[in-house]
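Structure first, commentary second.
The numbers here are math on the coordinates, done by the rules we state, and not lab data. Please read these numbers as outputs of a predicted model, since none were measured by experiment. Here the Cβ is made from the backbone with ideal geometry for all residues, glycine too, and neighbour counts use every protein chain on show.
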């Protein structure tokens, strides 16, 4: 196969891109139909002599979780590459066996914790159960204890969507999720209780007794709470199928501190907050609309009665809004773990959009909560959409976007990984003006 990155001219250029279609030690049935997820290890090994840095991708397929080592150049290139790199050169020569196995479950999301700690990896199954894995031990060492039956030692939590909602071909909206506090001591997981009941949040210990349920919180009027994200050690937000973001504190009562309703722009499908700034967050919609927010301003608006003399809803304005061309739905949103100004969005097409908020924030005054949003214009889109990843020539044209199938590396700046339905694993670094 040709090693050229593009089949034709493309507006996207790379500082580096490598891909791998893994081979496995044992037969894997129905590989195209098995759900896949991807994250990175936070372990890095620089080699100054070779001018490289090594790390690994954590990749799940059904119940099996694999670790794939890679090595990328340490320094930026002076010009964009025209061919695929060999970051997976060693992995290409070997067959993979699972590092961890969550027997009887389908992994839908993973978070790498600490290779040398008590637990290495946290995994969620598609039905909402949680499992903790430790380096060197193939099976979970902790699991959430729910609805235990005599025939199994694994959790059995049934998550539902409303009938007819969330078609797979439109976008992949998760029906359960988890978030980890900044100090990693607390986990909040979401799940559905049934078609006619409220969705619930469970606050779970990840320090003294990992897996212990500390508290359960009902989210009234919702069937699905599909996203949970922490701002710091205690403040987190949940995003539900009623198009409402609720902001909570793990230390206080079972009611949200404040809420943000988003009745316009289609279904609210995704949400993430910056771990670098602690104030910025982004929402994404099924219509391809993306909004950047300041949590301080949005919260202050809930108590500002200046323009609400007759009981009107709060006027909560975003900082700015952007859009995916062609109405490409937003299926995932992720802030960079190394930059306060960068985030990516994943479209239903599988395209990955890289955004930089420097231009937007240079025109933003946070002291005025009534400032009108910076609406998407050709100028703002041009200055904010920094890069577009379409997958290169090796990606199948039938690829669609999935949640939890794209991730930023937690340490190596601007390095992103993706996994496609057909098992193609790719890592890349965009070539931007900063690369020059």
Packing-based exposure ordering (other Cβ within 10 Å, fewest first) of 349, 269, 357: 349, 357, 269
How do the peptides 20-27, 246-253, 42-49, 66-73 rank, highest first, by the average count of neighbouring beta carbon atoms within 10 Å per residue? 66-73, 246-253, 20-27, 42-49
With the contact rule set at Cα under 8 Å and sequence spacing of 6 or more, what percent relative contact order holds for the stretch 201-301? 16 percent
C-alpha center-to-center spacing [the stretch 385-436, the stretch 74-137] in angstrom: 15 Å
q = 0.15, 0.22, 0.28, 0.33 Å⁻¹: log10 I(q)/I(0) that the Debye formula gives for the stretch 188-229, counting C-alpha atoms only: -0.37, -0.68, -0.91, -1.09
Taking the beta-carbon count within 10 Å as an exposure proxy, list 324, 142 from fewest neighbours to most. 142, 324
Which whole-angstrom value gives the distance between the alpha carbon centres of the stretch 222-296 and the stretch 313-357? 13 Å
Least to most buried among 432, 216 (fewest other Cβ within 10 Å first): 216, 432
Ratio of Rg to Rh over the stretch 350-394 (Cα coordinates, Kirkwood Rh, two decimals): 1.13
Under Stokes-Einstein, the stretch 35-86 at 4 °C and 1.567 mPa s, with its Kirkwood radius over C-alpha pairs, diffuses with a coefficient in µm²/s of 101 µm²/s
